[in-house]
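Here's the structure, in structure tokens; my notes come after.
We did not get these values from a lab; they are worked out from the coordinates using the rules stated. Small disclaimer: the values here were computed from a predicted structure and weren't measured. We place every Cβ from the backbone using ideal geometry, glycine too, and count neighbours over all the protein chains shown.
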Amino acid sequence: MRPARAGGLVGASLLALAAASAAFADPQADKQAIAARLYQWAAAFNARDAAGTCDLFAPDLVSTVPGAVYAGRDAVCARLAALLAQPGTHLHYSPDIQEIIVSGDTAVVRLIWTLTLNTGAARQTRQEAGMDVFQRQPDGRWSIVRFMAFDIDAVRDAAPSTPAVRSP
């Protein structure tokens with residue numbers, strides 16, 4: 001009878017520990033850590049640090065952006081590296097975080113990225129709306145596992161001038 005009782009005590013202790021961990025979760029600290037990761041990504045991008053930009057993405061990343069509907073981490077990192085290697089351009093990204101929702105080890109971020117591109121005397125600015133899904137990784141850091149983004153102006157320009165009305 002002793003081994004069964006010991007197993008029950010271990011199981012109960014593990015459940016209590018799990019409940020205590022959930023009780024001590026700090027969503028505000030998680031939000032700050034996620035925001036810091038996004039600002040670190042922007043700093044790496046702006047410094048043309050391809051490895052640093054790729055650091056934000058989890059190994060199982062799946063992204064959806066115009067022209068690349070289901071791209072994984074390797075494809076996203078290759079695209080970023082190619083963009084950052086372009087000579088004669090100065091790129092600057094800045095995030096405007098609209099909302100962060102944390103639930104356990106998963107979080108969703110709604111944000112708008114502003115990209116400024118300077119090529120010689122020409123300057124172009126565009127905004128991209130996006131949604132990122134983060135997961136806490138085994139090392140404790142938050143990484144993006146899913147994201148989607150689109151150019152706000154392209155969507156605005158493509159929208160019909162009057163909404164479609166469907167008859168019953």
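Answer yes if at least one residue in segment 75-87 is surrounded by 14 or more Cβ atoms within 10 Å (Cβ to Cβ), without any contact (Cβ under 8 Å) to a residue 12 or more places away in the chain and of a type in the set (Lys, Arg), and no otherwise.
Yes, segment 75-87 has at least one match.
With the requirement that a residue be touching an Asp or Glu at 6+ places or on another chain (Cβ under 6 Å) and among the acidic types (Asp, Glu), what does segment 122-157 give you?
Answer for segment 122-157, where residues must be touching an Asp or Glu at 6+ places or on another chain (Cβ under 6 Å) and among the acidic types (Asp, Glu): Glu128, Asp151.
If I filter segment 94-124 down to residues being over 15 Å from Ala29 (Cα atoms), under 14 Å from the mean Cα position of the chain (by Cα) and of a type outside the set (Gly, Ala, Ser), which single residue comes out as surrounded by the most Cβ atoms within 10 Å (Cβ to Cβ)?
Among those that are over 15 Å from Ala29 (Cα atoms), under 14 Å from the mean Cα position of the chain (by Cα) and of a type outside the set (Gly, Ala, Ser), it is Trp113.
State the number of residues belonging to segment 42-63 that are closer than 18 Å to Pro95 by Cα and out of contact with any helix residue (DSSP H, G or I) (no Cβ under 6 Å at 6 or more places or on another chain).
Within segment 42-63, residues that are closer than 18 Å to Pro95 by Cα and out of contact with any helix residue (DSSP H, G or I) (no Cβ under 6 Å at 6 or more places or on another chain) number 6.
Every residue in segment 128-147 that is exposed (fewer than 15 other Cβ atoms within 10 Å of the Cβ) and not charged (D, E, K, R), please.
Gln137, Pro138, Gly140
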